[in-house]
Amino acid sequence: MKLSKILSKIDYNLLAGKIDIDVNDIKYDSRKVTSGDVYVALIGYNKNGHDYIQGAIKNGASVIVTSKVITLDEPVTVIKVDDTRIALAYMAKEYFDNPQEKLTIIGVTGTTGKTTTTHMIRDMLEQAGLKCGIIGSIGVKYNDVIIHTDNTTPESYEIYKYFNEMVKNNITHVVMETSSQAFKLNRLAGIVFDIGVLTNLTTDHIGPGEHESQEEYIACKNKLFLNSRALVVNNDSLYLKEALKDVAMPITTYALKNPADITATNIK
């Protein structure tokens, strides 16, 4: 694919080289780079992809995407962006031909219950005759395919890759776990969810390598709700008002203790 097309939905500065070139694939792990690839230098909790640019070039990268102004001696194209994680997401969308537009996508977030809820939704959709894939902490599933993943919510490149594979296999719906860390690291950039689901919110996931504060944790959950066309939320959840800050889309509530659109009584 032409590099110019892959870059068509992001703002960038061309520091070196040219964009009217063909590229092979997009990689964010320098060890997996092959000839003609684009290498995107991501900044993580423990490692900085900018430290591995020379390794990527040695392995054959023809394009480097960076969030820093750099000068290289090698004859490669250098693209400067504000945030390489956001850039990776929008580049992957273009590379895989916007597969999310061909799917109905349901995102489930919450401190607990995400895996159970996604599987219940998937099973109900399939019982209704719809072909549904799932992305979450136990991997990616669609049809008879099962793929192991390292994170509850994979990196954006993998998400769009799995979306593309699902579309090719006639999947129409996807239900996925959307972790707060994934929103913090912009792995879900560019996705508009048809439905966002909240199971609950507690005070977990605060500390080193996760979230700096409860406020940041809730703000990351809020990103799902601001990027969904409709919401289904637990009206018994703590911090619900904070999580739904600035939300204007339709909301369906469910609860056992508080008033809600959907509830249950005489439970045995």
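Quick note: the coordinates plus some simple rules give every number you see, no bench work behind them. Not measured: the values here are computed from a predicted model. We place every Cβ from the backbone using ideal geometry, glycine too, and count neighbours over all the protein chains shown.
Annotations for the structure displayed:
- Once backbone amide H atoms are built at 1.01 Å from N, Thr104 has His173, Val174 as its partners under 5 Å, excluding neighbours fewer than 5 places away on the same chain.
- For the range 88-207, relative contact order (Cα pairs under 8 Å, six or more residues apart, normalised by length) works out to 43 percent.
- Span-like helix check, the chain: no full DSSP H segment qualifies, none having both a Cα axial length of 30 Å or more and a mean Kyte-Doolittle of 0.5 or more.
- The chain - Rg and Dmax from Cα coordinates, angstrom: 20.0, 73
- Here the average projected area of the convex hull drawn through the C-alpha atoms of the range 67-133 stands at 7.5 nm².
- The gain in end-to-end length when the Asn266 to Asn24 segment is fully stretched comes to 81.2 nm, 0.36 nm per residue minus the alpha carbon separation.
- Taking GluC sites (Glu not before Pro) in DSSP loop conformation with at most 16 other Cβ atoms inside 10 Å as exposed sites, the chain has its longest uninterrupted site-free stretch at 1-209.
- Relative frequency of Cα-Cα separations exceeding 12 Å in the range 219-268, percent: 64 percent
- Estimated at 0.36 nm per residue, the fully extended path between Asn13 and Asp236 surpasses their Cα-Cα distance by 75.5 nm.
- Dipole of the chain [Lys/Arg +1, Asp/Glu -1 at C-beta], most positive-end residue of Ser35, Phe193, Ile121: Ile121
- Of the Cα atoms belonging to the range 95-167, the radius of gyration and Dmax stand at 12.0, 34 Å.
- Residues of type lysines that Lys2 reaches as a straight line, Cα spacing below 21 Å, ignoring anything fewer than 8 places off in the same chain: Lys18, Lys27, Lys32, Lys80, Lys93, Lys161
- Estimated from the Cβ-Cβ distance and a Förster radius of 22 angstrom, the FRET efficiency linking Asn169 and Lys5 is about 0.35.
- Candidates per trypsin sites (Lys or Arg not before Pro) in the range 106-166, loop by DSSP, up to 15 other Cβ within 10 Å: Lys131
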